[in-house]
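First up is the structure itself, then whatever we jot down about it.
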């Protein structure tokens, strides 16, 4: 039985290639859940960073408003007039309310 040595070389290379391919696929499947978890965590980090930026902006606005109320008597007066409907002596307060609708639309 004479077998061509080049055939054995080709089969050996093929088997080694298939084993390496199987190892690469095995490692990929092994780490796939970690990759997906990493992606989910990155999305969560991005969402939290966006939320943090919004909260920092709100904090900045509230701090500015608080500083204004602490240092500016006119700001306190304006807030009192708007929220509590206070008026100076001789002034008349007029309140506007939304009209009640019954759900019927007119054309």
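Structure notes:
- Here is the figure for segment 1-14: residues that are assigned to a helix (DSSP H, G or I) and surrounded by fewer than 10 Cβ atoms within 10 Å (Cβ to Cβ) total 3.
- Cβ pairs under 6 Å, 6+ apart, first in segment 72-84 and closer than 17 Å to residue 62 by Cα, second at pLDDT 85 or above and not in a helix (DSSP H, G or I): none
To keep it simple, each residue is scored yes or no on (1) surrounded by 10 or more Cβ atoms within 10 Å (Cβ to Cβ); (2) without any contact (Cβ under 8 Å) to a residue 24 or more places away in the chain; (3) part of a helix (DSSP H, G or I).
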| position | (1), (2), (3) |
| --- | --- |
| 16 | yes, yes, yes |
| 29 | no, yes, yes |
| 33 | no, yes, yes |
| 38 | yes, yes, yes |
| 101 | no, yes, no |
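- Flag if residue 64 is closer than 30 Å to residue 93 by Cβ, over 29 Å from the mean Cα position of the chain (by Cα) and surrounded by 10 or more Cβ atoms within 10 Å (Cβ to Cβ): no
The values are calculated or read from the model by the stated rules, or taken from the named source; none is laboratory data. This structure is a prediction, so every number in the text was calculated from the model and none was measured. Using ideal geometry, Cβ is built from the backbone for each residue, glycine included, and neighbour counts are taken over all protein chains shown.
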